[in-house]
Number of protein chains: 2
Amino acid sequence: MSETMGVLGPKGTHSEAAASYLNEQLPQRCELVTVPDLFACLQDVEEGRLDTALVPVENSLEGAINITLDTLARSESLEVMRELIWPVHNQLMAKCDGAAIKRIFSHPQPISQCRAYLQQHYPQAEIVKVASTARAAELVAAEPASSGWAAICTKRAGELTGLSTVAAEIQDNMANCTRFFQVRRRGTGAECLPKEKVLIICQIDGQKAGALYDVLKEFAQRGINMTRIESRPARTELGAYIFFFDLEYTAAVDVLQESIAAVAKKSIWLKNLGTFPVLIVE
Amino acid sequence: MSETMGVLGPKGTHSEAAASYLNEQLPQRCELVTVPDLFACLQDVEEGRLDTALVPVENSLEGAINITLDTLARSESLEVMRELIWPVHNQLMAKCDGAAIKRIFSHPQPISQCRAYLQQHYPQAEIVKVASTARAAELVAAEPASSGWAAICTKRAGELTGLSTVAAEIQDNMANCTRFFQVRRRGTGAECLPKEKVLIICQIDGQKAGALYDVLKEFAQRGINMTRIESRPARTELGAYIFFFDLEYTAAVDVLQESIAAVAKKSIWLKNLGTFPVLIVE
């Protein structure tokens, strides 16, 4: 029986497109299962209803996907098994002509990513935020062309629902990618290779001056390259933070482990969320 | 003629409640002007249509308000003149009884802040995200009690629209505050005292290992306390970031200036967004 991989649905979301691509690359295909929200998707993995899930963690224009970071930080059993870097292509799709568009539907993230385009071309249009780009396409497809409704969505979602492209590549910046993590429960499945990154989460005592500097020193002085730092509220009080550190994996495993152990000593708590390969899609 | 202060409206939002409070404390009252979105509010200040604006920058449960950070980072003329720390009290308000609630409206941020409460008490209710807590109250007020609609909003918004409290203080964590910045154009108005904080924004070359560590060293080695670090995408490519550093103001101004100058040398660009007092509301 094939493994299941959860992904934010419905069909035609950026997440589902990325999961379909990843699935093609795997030696053993998974069964893709669409789940209506990210929190539920991660919980389904944690509680064993799904084997793995592919969830977005960061977009190059809009930044961190907070629900993913917060859920990973609070889970005892999830680990990252693979990272996928996926190029995002947003299209404006409708049944009507561009000039007739009065109302534009999409997920809040693509709406932000296309802010400049929308201001320039559709300053008068009403912008409506919905749960996913695929849902936006469905809503627009259910109305007649005369409604003047349009969706910002993937080409795939528009085509699945019978919309036509009004404008392609409308995001403000062509360097638009989304990072995804494929996650599973700890101790399930084989090691994914090659090892390229390590994800560490810890809480540092923010009341101490220079606390973060002291922690980064443990990596920097050992030549461990940190490719990303992200802070999220610890949710205990204003001013208390959790930090996510993305580290480059190094063949000098002893040194890497030593730096993580040293950071753990300086932290209130620390979790290693996994060592994993990175797959970059052109 | 009194100065104008922009704030996210309509009346009854958390922002508007905070601005009304702040206005009471000022030696010279401002005229409050509600603006429908944060980006427009900051642009109105930048382009001189408003004298100042009070905008949320961070919530203790949900983290940074990205649109505020991104707009400040990209503006050439805005500066922070004051910080306000405001306690957030969310209420569930409706015309009907708690048991009859089927659909709950609010802004995405309070919805996140009340996630655990909603899952425990209203797992079956449909959650609908709207532009503000005040808008949520308006929508619920326009329907009969039999609709089963409810809003998560401020007590004030519910009362303005004739709703009753179903449950008070429903946020997941009692330590729920929002930080606001009052912003203005550089060089307008008097200095705000006492000086308590400095906000620095810079872009660091993320390709260099230890680059962030090298920057934090300039603060740590001079005893400058950094109370907050936040990263946002530089929007040029995945992996390029802008950093926001909140520094404690110190009487040793020379040392502070020296540390900022040293960081500027190590950055692609750096902006000082202002030195300002912090007002904490109990």
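The values are calculated or read from the model by the stated rules, or taken from the named source; none is laboratory data. Keep in mind it's a predicted model, so treat the numbers as computed, not measured. Glycine also receives a Cβ, built like all others from the backbone with ideal geometry; neighbour counts cover every protein chain displayed. Note: accessible area is taken over every heavy atom of the protein model, side chains too, but ligands, DNA and RNA are not part of it. Shrake-Rupley method; radii C 1.70, N 1.55, O 1.52, S 1.80 Å.
Considering (1) farther than 29 Å from A:Pro277 by Cα; (2) assigned to a loop (DSSP other than H, G, I, E, B); (3) in contact with a strand residue (DSSP E or B) (Cβ under 9 Å, 6 or more places away or on another chain), the lone condition that A:Ala136 does not fulfil carries the number (2).
The rows are residues; the columns are (1) outside the structural domain of B:Tyr249 (by TED's automatic domain parsing); (2) open to solvent by 50 Å² or more (accessible area, probe 1.4 Å); (3) at pLDDT below 95.
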{"residue": "B:Ser132", "(1), (2), (3)": "yes, no, yes"}
{"residue": "B:Arg135", "(1), (2), (3)": "yes, yes, yes"}
{"residue": "B:Gly158", "(1), (2), (3)": "yes, no, yes"}
{"residue": "B:Phe181", "(1), (2), (3)": "yes, no, no"}
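Identify, from the list B:Glu62, B:Glu76, the residue that is closer than 27 Å to B:Glu169 by Cα and of a type in the set (Asp, Glu).
Working: B:Glu76 fails: closer than 27 Å to B:Glu169 by Cα.
Answer to the check: B:Glu62.
Scan the helices (runs of 4 or more DSSP H) fully inside the stretch A:66-126 and keep the ones with 1 or more residues being under 14 Å from A:Thr178 (Cβ atoms).
On the way: elements: A:66-74, A:108-113, A:115-121.
Ranges flagged: A:66-74, A:108-113.
Name the single residue that is farthest from A:Pro194 (Cα to Cα) among those in the stretch A:68-106 being at pLDDT 95 or above and of a type in the set (Asp, Glu). For the stretch A:68-106, the residue satisfying everything is A:Glu79.
Taking B:Ala64 as the residue in question, decide whether it is within 12 Å of the chain's Cα centre (by Cα), at pLDDT 90 or above, under 30 Å from A:Ile242 (Cα atoms) and outside the structural domain of B:Lys155 (by TED's automatic domain parsing).
Numbers: within 12 Å of the chain's Cα centre (by Cα): yes; at pLDDT 90 or above: no; under 30 Å from A:Ile242 (Cα atoms): yes; outside the structural domain of B:Lys155 (by TED's automatic domain parsing): yes.
Taking the combined requirement at face value, the residue does not satisfy it.
Hey, could you check the stretch A:234-244 for residues that are under 15 Å from A:Leu212 (Cβ atoms) and either within 16 Å of the chain's Cα centre (by Cα) or at the interface with another protein chain (Cβ under 7 Å from one of its Cβ atoms) (or both) and say which is least open to solvent (accessible area, probe 1.4 Å)? Among residues in the stretch A:234-244 that are under 15 Å from A:Leu212 (Cβ atoms) and either within 16 Å of the chain's Cα centre (by Cα) or at the interface with another protein chain (Cβ under 7 Å from one of its Cβ atoms) (or both), the one least open to solvent (accessible area, probe 1.4 Å) is A:Phe244. Each residue in the stretch A:38-57 was checked for being polar (S, T, N, Q) and either modelled with pLDDT under 95 or open to solvent by 10 Å² or more (accessible area, probe 1.4 Å) (or both), and 1 of them qualify.
When the test is whether a residue is at positive phi and not in a loop (DSSP other than H, G, I, E, B), B:Gly274 passes it.
Residues of the stretch B:17-37 that are in contact (Cβ under 8 Å) with a residue 60 or more places away in the chain, out of contact with any Gly (no Cβ under 8 Å at 6 or more places or on another chain) and open to solvent by 60 Å² or more (accessible area, probe 1.4 Å): B:Tyr21, B:Gln25, B:Asp37. If you scan the stretch B:66-95, which residues turn out to be open to solvent by less than 20 Å² (accessible area, probe 1.4 Å) and either of a type in the set (Ser, Thr, Tyr) or within 14 Å of another protein chain (Cβ to nearest Cβ) (or both)? Within the stretch B:66-95, B:Thr68, B:Leu69, B:Asp70, B:Thr71, B:Ala73, B:Ser75, B:Glu83, B:Leu84, B:Val88 qualify. Of everything in the stretch A:98-116 that is away from every other protein chain (no Cβ under 14 Å) and touching a residue at least 40 places away in the same chain (Cβ under 8 Å), the residue that is surrounded by the most Cβ atoms within 10 Å (Cβ to Cβ) is A:Pro110.
For the stretch A:252-263, state whether one or more residues are hydroxyl-bearing (Ser, Thr, Tyr) and modelled with pLDDT of 90 or more.
From the stretch A:252-263, those hydroxyl-bearing (Ser, Thr, Tyr) are A:259; that's our starting set.
Next, only the ones that are modelled with pLDDT of 90 or more stay: A:259.
Among the residues of the stretch A:252-263, at least one is hydroxyl-bearing (Ser, Thr, Tyr) and modelled with pLDDT of 90 or more, which makes the answer yes.
Summed over the stretch A:139-151, the residues that are surrounded by fewer than 21 Cβ atoms within 10 Å (Cβ to Cβ) and in contact (Cβ under 8 Å) with a residue 40 or more places away in the chain give a count of 7.
Scanning the stretch A:253-271 for residues that are in a helix (DSSP H, G or I) and touching a residue at least 60 places away in the same chain (Cβ under 8 Å) yields a count of 3. Among the residues making up the stretch B:195-221, those that are more than 21 Å from the chain's Cα centre (by Cα), outside any strand (DSSP E or B) and more than 8 Å from every other protein chain (Cβ to nearest Cβ) are B:Ile204, B:Asp205, B:Gln207, B:Lys208, B:Ala211, B:Val215, B:Glu218, B:Gln221. Residues in the stretch B:158-177 that are in contact with a Gly (Cβ under 9 Å, 6 or more places away or on another chain) and without any contact (Cβ under 8 Å) to a residue 24 or more places away in the chain: B:Glu159 alone.
Among the residues of the stretch A:78-106, how many are farther than 17 Å from A:Ala17 by Cβ, in contact with a Gly (Cβ under 7 Å, 6 or more places away or on another chain) and not small (Gly, Ala, Ser)? Residues in the stretch A:78-106 being farther than 17 Å from A:Ala17 by Cβ, in contact with a Gly (Cβ under 7 Å, 6 or more places away or on another chain) and not small (Gly, Ala, Ser): 7 in total. Taking the criterion of being more than 13 Å from every other protein chain (Cβ to nearest Cβ) and among the aromatic types (Phe, Trp, Tyr), the residues of the stretch A:245-282 that qualify are A:Tyr249, A:Trp269, A:Phe276.
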